[in-house]
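Input: a single structure, listed below in structure tokens.
Rule-based calculations on the coordinates, nothing more; no lab input. These numbers were taken from a predicted model, which means no experiment stands behind them. Quick reminder, even Gly has a Cβ in these numbers, built from the backbone with ideal geometry, and neighbours come from all protein chains shown.
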Amino acid sequence: MKAIIITAYGSPDVVHMQDVPKPTPKDNEVLIRVRSASLTPSDSAFRKGDPFIVRLLYGINKPRLSIGGVEFSGDVVGVGKDVTAFKTGDAVFGMSPDRFGAHAEYMCLPQDKALIIKPASLPYESATAITDGATTALTFLRDVAHVQAGQRVLINGASGAVGAAAVQLAKHFGAHVTGVCSSANVEMVKALSADDVIDYTRQDFTRGDQRYDVIFDAVGKSTFGKCKRILTARGVYMSTVPSLGIVVNMLRTSFGGGKKAKFATAGLMQNKANLTYLAELAESGAIRAVIDRCYPLEQTADAYRYVDGGHKKGNVVITHG
């Protein structure tokens, strides 16, 4: 099978496609013919080995997992003898945050992992895109911040994969949503039903007069210190980037009441229930996939270059044919 191989940390030049053996499913695993996979800033971080915590988790000198890709959709083409949840021919989607492998024509995954049947009405690319940003946004907004109807929520980075999903989910939860993005993306964020949109090239949202119950920094470009003033008395600041600053502020604000800083390893907290919930929202029209560009598998290096540029809108998807 063809797979995208990364055997050294570095620029997109380290990305190569080559033929490797097709995996064989273990007794509790399904073999999936991958139809589409996401390519995210997290994938770029794993490729670069930056921040350094990536190397601590996945290899100091070189990547321990040479085939990247976490979120995917595809078809079951083989099952192990103990598999009961899936059968050959099932269209599925899910994620593999601990073993990666989606940037290849085939991958294996245990049946009890975050993997479910794909709704027939949801195209493969849309299923992949929803799995990418929306799972992270769901964990932060619903499970960490417990967003409630009537609260004011600000999403920094509202045009990215996580941010675009967060705008839609916060609105679904009944919040008043303010999105922060660049001038080029204002209309897109408005179309996602944000109540207010702040163009960060013209206005520093941290210097405004409005107070927010939740600030979700979906791109990790701000800090708790900068945002503290515009939080309500028991407001919560959350960042997707595991910086030293957010860890220190989490510890410092964890005792007693008052304003809080929070972080979560959202990718490792996903399960079938979350995917089912998001699939139902997508089928009902409550959320929709936002896909910026699709690249064929052989152009994955170009997809990395585009994501590295930092200006994607929503999701970048790798298509496998």
Margin query: Between 0 and 90 degrees, rounded to the nearest ten: what's the tilt of helix 161-172 against the longest Cα principal axis of the chain?
Written below: 60 degrees
Checklist line | Residue order, fewest to most beta carbons within 10 Å, for ARG305, ARG152, ARG252 | finding: ARG252, ARG305, ARG152
Margin query: To check you understand DSSP bridge types, tell me what percent of the beta bridges within the chain (both residues inside) are antiparallel, rounded to 5.
Written below: 50 percent
Margin query: Give me the percent relative contact order of the chain, please, defined on Cα pairs under 8 angstrom at least 6 residues apart.
Written below: 20 percent
Next item on the list: Using only the Cα atoms, work out Rg/Rh for the range 68-166, with Rh taken as the Kirkwood radius, to two decimals.
Entry: 1.04
Margin query: Students often check this: by mean Cβ neighbours within 10 Å, which of 126-133, 115-122 ranks highest, and how do the rest follow?
Written below: 126-133, 115-122
Next item on the list: Determine, for SER42, SER254, the number of other Cβ atoms within 10 Å of each Cβ, and report the residues in order from fewest to most.
Entry: SER254, SER42
Check: Ranking PHE100, PHE86, PHE255 by Cβ neighbours within 10 Å, fewest first, what do you get?
Finding: PHE255, PHE86, PHE100
Note to self: Over 5 Å intervals from 0, what percent of Cα-Cα pairs in the range 195-321 sits in each interval?
What the structure shows: 2, 8, 13, 15, 17, 18, 15, 8, 3, 1, 0
Note to self: What three numbers, in Å, describe the spread of the alpha carbons of the range 133-267 along their principal axes, ordered from the longest?
What the structure shows: 40, 29, 27
Notebook entry, point to check: Given that compact globular proteins tend to follow 2.2 N^0.38 Å, what is the ratio of the alpha-carbon Rg of the range 249-294 to that value?
Noted result: 1.76
Note to self: Among the listed pairs LYS48/LYS118; LYS22/LYS87; LYS62/LYS259; LYS48/LYS259; LYS62/LYS118; LYS2/LYS48, which have their C-alpha atoms separated by more than 28 angstrom in this model?
What the structure shows: LYS48/LYS118; LYS62/LYS259; LYS48/LYS259; LYS62/LYS118
Note to self: Quick check: Cα centre of the range 129-181 to Cα centre of the range 23-90, how many Å?
What the structure shows: 26 Å
